[in-house]
Amino acid sequence: MKKRCLIAMLFVGFTTLLFAETNALIEVELFKTWVIGTEWCYGGLTIENTGTVPLPLAKTAEDFEIGQLATRTLDNKIGDLCRGGPPDLIHRDIAEVGEGFEMLPVGEKKLYEGRRFLFLPRVPFSETMQFKVSVYLGNGFFIDSKPVTVHGVTPDSEEHVATIGHNKFIRAGKRKGPEWELVVITYKDERWLYKKSLPVPQLNISGASYIPVCPVSLGNKIRVEPYDDALMFRIWDGDKSMIFHMNKGMIMEGPDENDVLGKWTRDKKKEVQAHNDEVRRKKGAQ
């Protein structure tokens, strides 16, 4: 009964949004503006409520990414889908089986920490690709960012670094479970470390997907070693050390020049906090 009441209240709230001035400024930060063939863009975002009513946003970054974050073509002709499937079904799951929603007050900003976001361009791969990043509020209602532009490129080189998998599932010298490659992609004067999928013949999967991890300064001097008995690895970029989580595809700890997401998040968190403090101060004065 309690869960049904919560869903009913959320439905009424989302319906009300359609008749109020609902708006938001979505700022998208891409850590590089070029992609290779099967790559998703990599970045972070902030959401500022610029309307006149509070915005319902998922409490956790995981629920937000699956049920509210979407990328769309500029003309919306390619399916308005969130990461997990049909928008309203996944959106409802945030309330039913997820951690639920919280309201972003008018004028304030929201930053999700501890998770990187991958943005699927949703347009044919080409030299210049434009799309928008959207936040789904339910009942077919999206709020969109300004157009985001990325460039499709052919890399100058690809260097194999290591093959990784679950460190604990090793028997008779063979690792059990899925494995990935770590490779360094060079394009012009930039080098990026990627997590690359391996072919799975039994599932008829032959093509590779590339997931960007972080910029690196060296190519043939990258070293990788297990960090724990599960999913963590220590990656050396020359004498600089990083801690990498295989499943999350994230640098969990490392120098700012490698951990670009971590540095951006720390800097943006201070900016968002200062902004929200000022908004609340002005509201209090009124």
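Considering each residue of segment 190-238, count those that are at pLDDT 90 or above and more than 25 Å from residue 156 (Cβ to Cβ), and give that number.
Number satisfying all stated conditions: 6.
Mind telling me which of the residues 117, 141 ends up being more than 22 Å from residue 213 (Cβ to Cβ) and modelled with pLDDT under 95?
From the options 117, 141, the qualifying one is 141.
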Next item on the list: Among the candidates 38, 46, single out the residue that is hydroxyl-bearing (Ser, Thr, Tyr), under 18 Å from the mean Cα position of the chain (by Cα) and either farther than 21 Å from residue 195 by Cα or at pLDDT 95 or above (or both).
Entry: 46
Check: With respect to residue 70, is the statement that it is modelled with pLDDT under 95, surrounded by fewer than 16 Cβ atoms within 10 Å (Cβ to Cβ) and small (Gly, Ala, Ser) true?
Finding: no
Notebook entry, point to check: Of 251, 222, which residue is surrounded by 17 or more Cβ atoms within 10 Å (Cβ to Cβ) and in contact with a helix residue (DSSP H, G or I) (Cβ under 9 Å, 6 or more places away or on another chain)?
Noted result: 251
Item checked: Filtered residues of segment 115-139 (kept if in contact with a helix residue (DSSP H, G or I) (Cβ under 6 Å, 6 or more places away or on another chain) and surrounded by fewer than 21 Cβ atoms within 10 Å (Cβ to Cβ)) -> 115, 139
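The rows are residues; the columns are (1) assigned to a loop (DSSP other than H, G, I, E, B); (2) over 18 Å from the mean Cα position of the chain (by Cα); (3) more than 23 Å from residue 187 (Cβ to Cβ).
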residue	(1), (2), (3)
107	yes, yes, yes
132	no, no, yes
146	yes, no, yes
151	no, yes, no
158	no, yes, no
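The values are calculated or read from the model by the stated rules, or taken from the named source; none is laboratory data. Computed from a prediction, not measured in an experiment: that's the story for all the values here. Using ideal geometry, Cβ is built from the backbone for each residue, glycine included, and neighbour counts are taken over all protein chains shown.
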